[in-house]
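Enquirer: One structure is given below, represented as structure tokens, and several questions about it will come after.
The values are calculated or read from the model by the stated rules, or taken from the named source; none is laboratory data. All figures in this text were calculated on a predicted structure; none of them were measured in a lab. Every residue, glycine as well, gets a Cβ built from its backbone with ideal geometry; the counts of neighbours run over all protein chains shown. Side chains are part of the model used for accessible areas, which takes the heavy atoms of the whole protein and leaves out ligands, DNA and RNA. Shrake-Rupley method; radii C 1.70, N 1.55, O 1.52, S 1.80 Å.
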Amino acid sequence: MSISAIKPGWWQQPLHKDEKIWIWVAFTWCILITLIMPWWHIYGDQNPSQEYYKITTEAFDQLTDKFIEKYKVGEDEGLPVVEPPPNSDIFLRGEQWQWTPVLKLKAGSTYRLHLSSIDTLHGLSIYPIVMNFEAVPGYDYVLTMTPGKPGVYNIICNEFCGLGHHAMSGKIIVE
Ligand SMILES: [Cu+2]
């Protein structure tokens with residue numbers, strides 16, 4: 001059997017004009033959305049701060065306790081409610097299975113939120129604005145944030161962390 005006896009398959013046919021157009025449309029779109037990623041990293045105004053430090057879980061635990069002790073104003077469903085002064089360093093501790101404390105913040109003020117976990121990996125998910133960050137044991141993740149709109153923002157954990165994961169919630173109150 002010679003080569004010429006093989007009938008050409010569809011992959012050997014020249015491209016139809018419509019196919020060529022679609023390949024160029026898809027290719028251009030790929031290039032465009034690839035370029036948007038670095039562009040948005042520079043010009044987007046929702047980028048998390050690239051600031052984190054190594055810290056032991058014990059040290060972070062103690063810092064959060066001290067923070068709570070200093071600025072505690074009440075309790076909400078068993079969790080301490082903390083009202084720190086505007087433009088200060090604030091702490092949020094993830095642990096099985098709660099976010100401590102409940103933070104009471106002022107809209108328009110800037111805070112340095114120290115986020116970490118003292119046991120396993122937790123996912124900080126703030127609703128209804130749907131912003132997600134990771135609480136990693138051993139790392140103090142510093143998020144510089146300026147709450148805009150007053151309201152109650154619920155926090156859930158979006159990283160499966162064990163039996164009580166589904167009940168792991170917290171709160172940020174912005175006034
Ligand atoms: Cu969880």
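Enquirer: Which condition breaks for N87 when tested against (1) out of contact with any Lys or Arg (no Cβ under 9 Å at 6 or more places or on another chain); (2) polar (S, T, N, Q); (3) closer than 21 Å to I126 by Cβ?
Expert: (1)
Enquirer: Moving to a separate point now. Could you tell me how many of the residues in the stretch 113-140 are more than 16 Å from the ligand (Cβ to nearest atom) and closer than 26 Å to Q62 by Cβ? Before the answer, list the steps.
Expert: Restricting attention to the stretch 113-140, the residues satisfying the condition of being more than 16 Å from the ligand (Cβ to nearest atom) are 113-114, 128-131, 138-140.
Checking the rest, the ones that are also closer than 26 Å to Q62 by Cβ come to 113-114, 138-140.
Adding up the residues that qualify gives 5.
Enquirer: Quick check on this structure: which one of Y127, Y52 is within 18 Å of P150 (Cβ to Cβ) and within 17 Å of the chain's Cα centre (by Cα)? Outline the logic, then answer.
Expert: Numbers: Y52 fails: within 18 Å of P150 (Cβ to Cβ).
Criteria check complete, one pass: Y127.
Enquirer: So in the stretch 162-175, with the set limited to residues that are within 20 Å of F91 (Cα to Cα) and outside any strand (DSSP E or B), which one is nearest to the ligand (Cβ to nearest atom)? Break it down stepwise before answering.
Expert: Narrowing the stretch 162-175 to residues within 20 Å of F91 (Cα to Cα): 168-175.
Applying the additional criterion that residues be outside any strand (DSSP E or B) yields 168, 175.
Numbers: M168: 5, E175: 28 Å.
Here the answer is M168.
Enquirer: Turning to a different aspect of this structure: How many residues are closer than 14 Å to L113 by Cα, assigned to a strand (DSSP E or B) and open to solvent by 50 Å² or more (accessible area, probe 1.4 Å) if we restrict to the stretch 39-78?
Expert: Residues meeting the conditions: 2.
Enquirer: Among the residues of the stretch 86-112 satisfying the criterion of being small (G, A, S) and more than 14 Å from the ligand (Cβ to nearest atom), which is most open to solvent (accessible area, probe 1.4 Å)?
Expert: So in the stretch 86-112, the residues small (G, A, S) come out as 88, 94, 107-109.
So of that shortlist, the ones also more than 14 Å from the ligand (Cβ to nearest atom) come out as 88, 107-109.
Working: S88: 21, A107: 38, G108: 58, S109: 17 Å².
Within the stretch 86-112, the match that is most open to solvent (accessible area, probe 1.4 Å) is G108.
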